[in-house]
Amino acid sequence: MPKIILQEVSAMAPLVERLLARLRPQLRHLLPTAEIEHIGATAIPGAITKGDVDVMVRVTPAEFRAAADVLSAHFAIKQPENWTPDFASFGDDDSYDLPLGVQLVAKNTDADQFSFLRDHFITNPAALADYNRLKQRHAGDGAEAYWKAKNALFESILSTRER
């Protein structure tokens, strides 16, 4: 099981900004009514990352299915086993400076959690320190164990969210 290599987000900032400057207009062209937000570790100052960039595309529940069809025509489908009627994941590991994840969510559903998590880590330095330590602790455990550890932390944080 290969170890996940982690790096400081600040070291990647120029590549991240270049990717986002290219991607945002593309997504706006494809889905003009969607909200597009930079999420994930590269959107959190002081975070460490495995080197991928995630964006969230938010659409109304009524627009979700059509948006998923549009994105699937332009990006690779990722983790279809995690898809729900309100969430779909796409990506591109080859066309940008860094691997890209595109998380499609229906607004104001349970899947619409990514900006909450990002903002939680930005505004809570202790939580960010815990998150970085968790990543470091599980980086050598392989991708599945790393993801499960992160997911358990996310679920714990989301359980405190007021609706």
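Within straight cross-link reach of residue 3, meaning Cα distance under 12 Å, which aspartates and glutamates are found once same-chain residues fewer than 8 apart are removed?
Excluding near neighbours in sequence, the set is 141, 144.
Are any of the pairs 107/135; 78/107; 78/150 more than 23 Å apart by Cα-Cα distance, and if so, which?
The answer is 107/135.
Compute the signed sum of charges (Lys and Arg +1, Asp and Glu -1) over the other residues within less than 9 Å, Cβ to Cβ, of residue 42.
So the environment of residue 42 carries a net charge of -2.
Taking neighbour counts of Cβ atoms within 10 Å as a proxy for exposure, in what order, fewest first, do 100, 15 appear?
So the ranking, lowest neighbour count to highest, is 15, 100.
Using a 10 angstrom cutoff on alpha carbons, build the Gaussian network for the chain and name the most mobile of 67, 13, 43.
Per the Cα network of the chain with a 10 Å cutoff, 13 tops the list.
Above 28 angstrom, tally the Cα pairs of segment 1-140 and express them as a % of all pairs, no decimals.
The share of Cα pairs beyond 28 Å in segment 1-140 comes to 17 percent.
We did not get these values from a lab; they are worked out from the coordinates using the rules stated. Model, not experiment: these values are computed from the prediction. So basically every Cβ, Gly included, is an ideal-geometry build from the backbone, and we count neighbours across all protein chains shown.
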